[in-house]
Amino acid sequence: MTETHEVTEFEVGDTLELTPDAVAHGGSFVARAGGRVFFVRHTAIGETVLAKITGTGPKKRFFFADAIGVKTPSEHRREHPWPLADAGLRENPVGGMEFGHLTPQYQRELKAQVIREQLVRLGKVSENSALLKLLRVEALEPSDLGWRTRVYFNVADGKISMFRHSSSERVQVQDFPLADSRINSLQLHRLNLENIKRVDVAVSSTGQVLVSFAVVAPATPRQVADDVEKQCEQLWGNLKKQNISLVFAAERKGGRRRGERPESAVRGAGFTELTEELSVGDESLEWNVSAGGFWQIHRSAPEALTAAVAEMADLNAGETVYDLYAGTGLFTAVAAAEVGGKGRVLSVEGSPLTSANARDNFVSGRARLADSKDTVIDVVKSDVGAHLHKLVSQVQAGKSPAPDAVIMDPSREGVGKKVIESLTALAPKRIVYVACDPAALGRDTGYLREHGWELKDVQAFDMYPNTHHVETVALFAHPE
Ligand SMILES: C[S@@+](CC[C@H](N)C(=O)[O-])C[C@H]1O[C@@H](n2cnc3c(N)ncnc32)[C@H](O)[C@@H]1O
C-alpha cells in the first residue's frame, strides 16, 4: 500500500514556524513541515523559530529559510558577540559569524555531528565505529574571538565593508571580532579608500603587519599609494617603527595577459612577505609567505595541525614522504625533520606564488631544523593530480622512490577520485588527510574505502570558531 502525505505549497517570502531536528553541512539546520524539508539558518536543534523562506531547491523539493524570530529558544543560545552579524537584531546580517548566537561548546558539538554524518553518509563508515563515537572537536584557544591572522574587507563608498550573509550587498564595518587584536587596532574604518576595491590584512607570528590594497583602474597603485600612506601614518605613526608594510597592486580581473608586468607600489616598512615562526623544542622553523600566498588563518593552527599530522604520519628516519597541496611547506618542514638526513620529502603545490615561497623557504634553510639540514626536499609546482599521474609510472619503473607516507591538505573541493587512484597505485603505508570541508572528506573517504583503505584515526579542531567551518585530520591505512 502506498502511503500518501499531504504536501503544502510554499513560496519564497512565506513565514512559518519550524523546529529543526538536526544540523546540516554548511551551517543550516534541518526542519520538516507540510511534507517539505527546510534548511534554516541562524537557529539551533530543538528550538522553535518563526522562519522566512528565502529560496527553494529544484522543483521546490526543499526550501531555504532564515529564522527571523525565536519562539522557544535553545538552551545553547547566547548573546551574539557582534551585533552586525546577529540575525536576532536584523534581517540579512553580515556574514562570517553565522554560529555566533550559539555557545562555543555547542558550536563544537554541532561540528562533530556534521563530521560524523558526512563520514557515515558519504564515507560509509559505520555509525557504530568507536572512532566516530569518540570524536570531539577540540578548541584551539580559550577565546573564540580574535583568532584570525588573515582578514579581507571590501570597500564601499571609500570605507571598509563586509558582505551580508549570502549576498553581494556590502555593509560598512568598524571592526571584525574574529580578527586578531592587532588588525582591529589599526582602525581601518578611519581610512578614506578612494579607488580601492579590497583591503587584505595579515599579521604574522613575528609581529609584522602587511596591508594589501587592490587598486581599481584607471587609478594606478602609485597614484593611490602616497595619499593612503599619509593617512596611515597619521593614524598609526611611523610605519617602519610599527613594522607595518603597505602593498598596492592593480585589481586582478580575469588574470593578466602573458608577459604583462603588474605595476605595484610598496610603502611603509617595505616588506612584501611575512615571516611565520613555529617553535620546535629549542629550535624554531620559519617560513616566508608572500602577500596573497597561503598560510593557515587561525593563530594556533600551525601548532595544532603539525602535532596531529606528525602523530598520525608516525614517520621514521629515512622514509620518503609526499606532502601534497603543500602551501609554503608547513607540513613539509615537520616531515623533513622526522625523516632526517637519509629521508626525502616531495612538496607539491599548485600556486606559483606559494610554491616559490616553499622553494625559497627550504633552499634558504629557514624552514629546516638541525635534523632536516640534509633532508632531500623536492619542491614541485604542479597540479597534484597531474604530478601523481606522472609519478605512478616513475615509481613503478623504479626511477623514483615509493612514498612511505602521504600527507594531503587540499582546498575545500577535496582530492577526488583520480588522486585516490594514483595514491592507491603508489601504495604508501599511511595517508594523513587534513580536510577543511567535512563533505569533501566524507566523499573522499568513500573513494578511499572503495580502494581498500580504512579510516584508522580522526581528530577535529575548531579552527574557525563562530562559523560553521571545522578542520578534520584523518588517518587512512590498509587493514592489518
Ligand atoms: C588548505 S591549503 C594547505 C597548505 C599547507 N598544507 C598549509 O597548511 O599551509 C591548500 C593548498 O593547496 C593548493 N592547491 C589547491 N588545489 C591544488 C591542486 N589541484 N594542485 C596543487 N595544489 C593545489 C592551494 O594553492 C593551497 O596552497
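The values are calculated or read from the model by the stated rules, or taken from the named source; none is laboratory data. This is a predicted model, so every value here is computed, not measured. Positions of Cβ are generated from backbone atoms using ideal geometry, with glycine treated the same way; all protein chains shown enter the neighbour counts. For the accessible areas, the whole protein counts, side chains as well, though only heavy atoms, and no ligand, DNA or RNA atoms are used. Shrake-Rupley method; radii C 1.70, N 1.55, O 1.52, S 1.80 Å.
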(message) Step by step: first the residues of the range 302-320, then only those that are over 19 Å from the mean Cα position of the chain (by Cα) and in a helix (DSSP H, G or I), then the one that is farthest from the ligand (Cβ to nearest atom). Which residue is that?
(response) E311
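Within the range 321-343, take every residue that is part of a helix (DSSP H, G or I) and aliphatic (A, V, I, L, M) and give me the one that is nearest to the ligand (Cβ to nearest atom). Walk me through how you get there before you give the answer.
From the range 321-343, those part of a helix (DSSP H, G or I) are 330-339; that's our starting set.
This time we only want the ones that are aliphatic (A, V, I, L, M), so: 330, 333-337, 339.
Details: L330: 4, A333: 10, V334: 10, A335: 11, A336: 14, A337: 16, V339: 17 Å.
Out of the qualifying residues, it is L330.
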(request) Taking only the range 396-420 into account, find how many residues are assigned to a helix (DSSP H, G or I), within 13 Å of the ligand (Cβ to nearest atom) and open to solvent by 20 Å² or more (accessible area, probe 1.4 Å). (result) 1
(request) Name the residue, out of F38, F29, that is aromatic (F, W, Y) and closer than 19 Å to Y464 by Cα. (result) F29
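What residue, among those in the range 125-141 that are out of contact with any Ser or Thr (no Cβ under 7 Å at 6 or more places or on another chain) and part of a loop (DSSP other than H, G, I, E, B), is surrounded by the most Cβ atoms within 10 Å (Cβ to Cβ)? Lay out the reasoning, then the answer.
Going through the range 125-141, the residues out of contact with any Ser or Thr (no Cβ under 7 Å at 6 or more places or on another chain) turn out to be 126-139.
Those left that are additionally part of a loop (DSSP other than H, G, I, E, B): 126-129, 135-136.
On the way: S126: 12, E127: 11, N128: 8, S129: 15, L135: 18, R136: 12.
Of everything passing the filter in the range 125-141, L135 is surrounded by the most Cβ atoms within 10 Å (Cβ to Cβ).
Given the residues T472, T467, T445, T424, which is the only one that is more than 16 Å from the ligand (Cβ to nearest atom), open to solvent by less than 20 Å² (accessible area, probe 1.4 Å) and among the hydroxyl-bearing types (S, T, Y)? Talk me through it step by step, then tell me what you get.
Values: T472 fails: more than 16 Å from the ligand (Cβ to nearest atom); T467 fails: more than 16 Å from the ligand (Cβ to nearest atom); T424 fails: open to solvent by less than 20 Å² (accessible area, probe 1.4 Å).
Selected residue: T445, the only one of T472, T467, T445, T424 that is more than 16 Å from the ligand (Cβ to nearest atom), open to solvent by less than 20 Å² (accessible area, probe 1.4 Å) and among the hydroxyl-bearing types (S, T, Y).
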(message) Can you tell me which residue is farthest from the chain's Cα centre (by Cα) among those in the range 372-386 that are in a loop (DSSP other than H, G, I, E, B) and more than 16 Å from the ligand (Cβ to nearest atom)?
(response) D374
(message) Please pick out the residue among S393, S355 that is in a helix (DSSP H, G or I), of a type in the set (S, T, N, Q), away from the ligand (no atom under 16 Å from the Cβ) and farther than 15 Å from L315 by Cα.
(response) S393
(request) Look through the range 131-186, keep the residues that are among the hydroxyl-bearing types (S, T, Y) and at pLDDT below 95, and return whichever of them is nearest to P104 (Cα to Cα). (result) S166
(request) Go through the range 358-371 and count every residue that is in contact (Cβ under 8 Å) with a residue 12 or more places away in the chain and part of a helix (DSSP H, G or I). (result) 7
(request) Enumerate the pairs (first residue in the range 286-312 and without any contact (Cβ under 8 Å) to a residue 60 or more places away in the chain; second residue anywhere and open to solvent by 20 Å² or more (accessible area, probe 1.4 Å) and part of a helix (DSSP H, G or I)) with beta-carbon separation below 8 Å, excluding pairs fewer than 6 apart on the same chain, so at least 6 apart or on different chains. (result) T306/V334; A310/V334; A310/E338
(message) With the requirement that a residue be closer than 17 Å to F153 by Cα and away from the ligand (no atom under 12 Å from the Cβ), what does the range 286-300 give you?
(response) A291
(message) For the range 112-123, check the following and say yes or no: at least one residue is among the basic types (K, R), more than 24 Å from A440 (Cβ to Cβ), free of Cβ contacts under 8 Å to residues at least 60 places away in the same chain and not assigned by TED's automatic domain parsing to the domain that holds A460.
(response) no
(request) Scan the range 25-73 for residues that are in a loop (DSSP other than H, G, I, E, B), open to solvent by 40 Å² or more (accessible area, probe 1.4 Å) and over 24 Å from G100 (Cα atoms) and jot them down. (result) G35, R61
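Quick check on the range 222-240. Is at least one of its residues basic (K, R), at pLDDT below 95 and open to solvent by 40 Å² or more (accessible area, probe 1.4 Å)? Quick ask: steps written out before the conclusion?
The initial filter retains those residues of the range 222-240 that are basic (K, R), namely 222, 230, 240.
Checking which are at pLDDT below 95 leaves us with 222.
Then keep just the ones that are open to solvent by 40 Å² or more (accessible area, probe 1.4 Å); that gives 222.
For the range 222-240, residues basic (K, R), at pLDDT below 95 and open to solvent by 40 Å² or more (accessible area, probe 1.4 Å): present.
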(request) Could you grab the pairs with beta carbons closer than 7 Å, sequence gap of 6+ or different chains, first residue in the range 7-31 and within 10 Å of I45 (Cβ to Cβ), second one among the aromatic types (F, W, Y) and in a strand (DSSP E or B)? (result) P20/F29; A22/F29; V23/F29; V30/F39; A31/F38
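So which residues in the range 142-163 are outside any strand (DSSP E or B) and open to solvent by less than 40 Å² (accessible area, probe 1.4 Å)?
Filtering the range 142-163 for residues outside any strand (DSSP E or B) gives 142-147, 149, 157-158.
Hits for the range 142-163 are D144, G146, W147, T149, G158.
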(message) Let me spell it out: the conditions are (1) under 22 Å from the mean Cα position of the chain (by Cα); (2) in the same structural domain as Q187 (by TED's automatic domain parsing), and P142 meets all of them except one. Which number is the exception?
(response) (2)
